[in-house]
1. Rounded to a whole number, what % of the accessible area of the chain do carbon and sulfur atoms account for, probe 1.4 Å?
2. Compare Ser53, Ser100 by solvent-accessible area with a 1.4 Å probe and give them largest first, with all protein chains kept in place.
3. Taking the Cα centre of the chain as origin, sum charge times position over the Cβ atoms of Lys and Arg (+1) and Asp and Glu (-1), and report the length of that vector in debye to the nearest 20.
4. Between Thr17 and Thr145, take the C-beta separation as r, use R0 = 41 Å, and let me know the FRET efficiency to the nearest 0.05.
5. Rg/Rh for the range 1-60: what does it come to with C-alpha atoms and Rh from Kirkwood?
6. Using heavy-atom solvent-accessible surface (probe 1.4 Å) with all chains present, what is the largest-first order of Cys44, Cys78?
7. Rounded to whole Å, give me the distance from the Cα center of the range 80-109 to that of the range 1-60.
8. In angstroms, what radius of gyration and Dmax does the range 92-136 have, counting Cα atoms only?
Amino acid sequence: DIDDIESQALAASEAWTMEVTNFLNAEESSIVQDRFNGRSDVACICVGGRPQSNRARFVLTNPDLGIDETTITRADYCAVLCVDNADLPNCDPWANVLASIGVDLKDVGDIVVVDSNTAYLVVSPEVSKSCMRLLPKQLQGAGVTVTALEDDEIIPDNGEVQDMEFKRLDKREQKRK
């Protein structure tokens, strides 16, 4: 809830600490940015793993700490993973795949599919190791690998951002694939 995020931000500012939100969808992210834009009592820094993230999380703190986009390290707040050699057209929707390995959508940023074999995922650092270990077993394809990108590596711009909604799966349809 946006009001809870505002309360969290004010508490962090008053205590001179930093708080981090969960990943928010595009609509919620826009509301948070509008609500904190131009405020002098709270600093709100968007971190989403890529420059124009649809799903993002926010670092909330006191503006007098001098923390901004240039002083934050991406790896502290999100991990970017590259999935290779997956048969992505025949895989379940991403929200379903991630839920099946125990990753909640609050820990997932944008997922960008570059081609039929490669995708990039932005996740919270707390779940990155689980994703790297379990996704190769969950995704269809031969030799599926999941690797973490370094801080200076970026997600290609030519991919398609995936919808992050759960879909009911018809098992009969899957057996035909």
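The values are calculated or read from the model by the stated rules, or taken from the named source; none is laboratory data. What you are looking at is a predicted structure, and each value in this text was computed from that prediction instead of being measured. In this analysis, Cβ positions are derived from the backbone assuming ideal geometry, glycine residues included, and neighbour counts consider all displayed protein chains. Just so you know, the surface numbers come from the protein's heavy atoms only, side chains and all, with ligands and any DNA or RNA stripped out. Shrake-Rupley method; radii C 1.70, N 1.55, O 1.52, S 1.80 Å.
1. After summing per-atom areas, the C and S share lands at 44 percent.
2. Details: Ser53 30, Ser100 65 Å².
I get Ser100, Ser53, largest accessible area first.
3. In debye, rounded to 20, the chain gives about 1120.
4. Result of the calculation: an efficiency of 0.65.
5. Details: Rg = 10.7 Å, Rh = 11.4 Å.
Rg/Rh for the range 1-60 comes to 0.94.
6. Numbers: Cys44 35, Cys78 5 Å².
My answer, sorted largest first, is Cys44, Cys78.
7. 25
8. Values for the range 92-136 (Cα only, Rg and Dmax): 9.9, 27 Å.
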